[in-house]
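The values are calculated or read from the model by the stated rules, or taken from the named source; none is laboratory data. These figures come from a predicted structure and were not determined experimentally. Because the Cβ atoms are built from the backbone with ideal geometry, glycine has one as well, and the counts that use them run over all protein chains shown.
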Amino acid sequence: MLTLTSDAASPSFCDGLTRRSFLRLGALGLGGLSFSDLLRAEAGLRRGSSSKALILVYLPGGPPHQDMFDLKMNAPAEIRGEFSEIATSVPGIRICEHLPRLAKMADKLAFVRSVVGAKDRHESFQCVTGRLNENQPPGGWPEIGSVVSKLQGTAGASVPSYVNLSQRMQHTPYNQGRNSFLGVGHSPFMPLGSVKDDMTLNGISIERLSDRRALLRAFDSFRREADATGAMAGLDEFETQAFDILTSSRLLQALDVSSEPEKIRARYGKGTEAIQGDAAPRLNQQFLLARRLVEAGVRVVTLSYSFWDWHGNNFSIARQNLPDLDEALSALVEDLHERGMERDVTVLTWGEFGRTPRINAQGGRDHWPNVSCALLAGGGLQTGQVIGATDRLGGEVADRPVHFQEIFATVYHALGINPNTTTVPDLTGRPHYLVDGAYQPLKELIS
């Protein structure tokens, strides 16, 4: 087994994994399958013609829509909460005072205030598949990154098509990267940590991995040990490709955010490495890493950010979380525009449900699947608008309900995939449309 690790001291997860990143060639896959097994399963499916990409930001726990993008300033105090709203760059659109950077670029954003179709379940499943976690076909519904991997393949042998940057979370239903009826070959490449941190390979730093001669020297001892058993002679093209992905300068350079100018890194901010609740840390540099990965050719990048299940102290916790999210997300959108990537890269930010209109006795908001919100940017979408509305208390949809699958249909459309005519087969060979037939891309967003 070949492992790239960081030797920096760091707390461990409950399964013994450190929060520092590692990339493993060997048992990286699911069910004991190796990374080369995943590549082998994906053989023949690389089409590489599209430059479209998706960055999906999952907010585990259910963010409070009434305190972010849909404030109810005329509601009673027990509904309205403590925050004020501010004007944005688009006349008539107002959002939370703790999101000033996003407010200034509202013309580059689409606010969906009427997301419906959720259930009271703390899980990422619907946010990454568009489906409910029930009555699944044999093998299970695939995540959107797996679907894109199946349909569009990789952009190059040295770059995976689907990368999940999320750290392993204590509440396991928050985690992504599940296998599905599309097979392990389309599961995400999962560093399982903050891959922006230092990595070493037999003492060789990430900066020197681009030097193939140094890399070959680093492999010498591994080769000698492997050759003693004849293992190296048995490497096939997929194992060779696995080495290529893990050692290619293209991927490693994308993972090395330290090569970015300090001004850009500072623009994204840092957040905190501390685990939030039973979910994820607020690692702002993951947003920068996501941009670098799609720039390198990755088609879908998912990440999980912080913890949003605030049954108590909603407003004090929000005062910590919202400014960090504001900094990271606005930097990502701005960065994509400055690099001319805004038509090719779609950004979707959301959680599994909303929060109750009424503030509870602990100063928090409880689970509320009746309505939630989503934020979209890029992808050539028609931004600078609000879609949908809730009633005066923020508890029910008053205008234009938007189903989870409508947003998925919109994202597929932005990726150059027709969600209503394209199918993928399950384990029995039965074809499944990407969204149910009744759901179409949001006409307000597509050209």
Inset, instruction - Go through the range 232-284 and count every residue that is at pLDDT below 90, assigned to a loop (DSSP other than H, G, I, E, B) and surrounded by 13 or more Cβ atoms within 10 Å (Cβ to Cβ). - result: 3
Inset, instruction - Might you check whether a residue that is more than 30 Å from Ser161 (Cβ to Cβ) and modelled with pLDDT of 95 or more occurs anywhere in the range 370-381? - result: yes
Inset, instruction - Evaluate the range 103-119: report whether one residue or more is surrounded by fewer than 21 Cβ atoms within 10 Å (Cβ to Cβ), assigned to a loop (DSSP other than H, G, I, E, B), in contact (Cβ under 8 Å) with a residue 60 or more places away in the chain and charged (D, E, K, R). - result: yes
Inset, instruction - Identify the single condition in (1) in contact with a helix residue (DSSP H, G or I) (Cβ under 7 Å, 6 or more places away or on another chain); (2) under 28 Å from Glu78 (Cα atoms); (3) not aliphatic (A, V, I, L, M) that Gly379 does not satisfy, given that it satisfies every other one. - result: (2)
Inset, instruction - Looking for whichever is among the hydroxyl-bearing types (Ser, Thr, Tyr) and without any contact (Cβ under 8 Å) to a residue 60 or more places away in the chain here; the options are Ser146, Ser158, Ser166. Which one fits? - result: Ser146
Inset, instruction - Output the residues belonging to the range 140-158 that are over 17 Å from Phe408 (Cα atoms) and modelled with pLDDT of 95 or more. - result: Gly140
Legend entry - Residues of the range 328-346 classified as over 12 Å from Leu109 (Cβ atoms), assigned to a loop (DSSP other than H, G, I, E, B) and not hydrophobic (A, V, I, L, M, F, W, C), total: 4
Inset, instruction - From Phe287, Phe353, grab the single residue that is crowded, with 19+ Cβ neighbours inside 10 Å, in contact with a Phe, Trp or Tyr (Cβ under 7 Å, 6 or more places away or on another chain) and closer than 30 Å to Asp256 by Cα. - result: Phe287
Inset, instruction - Consider Val301 carefully, then state whether it is in a helix (DSSP H, G or I), in contact (Cβ under 8 Å) with a residue 60 or more places away in the chain and under 27 Å from Phe125 (Cβ atoms). - result: no
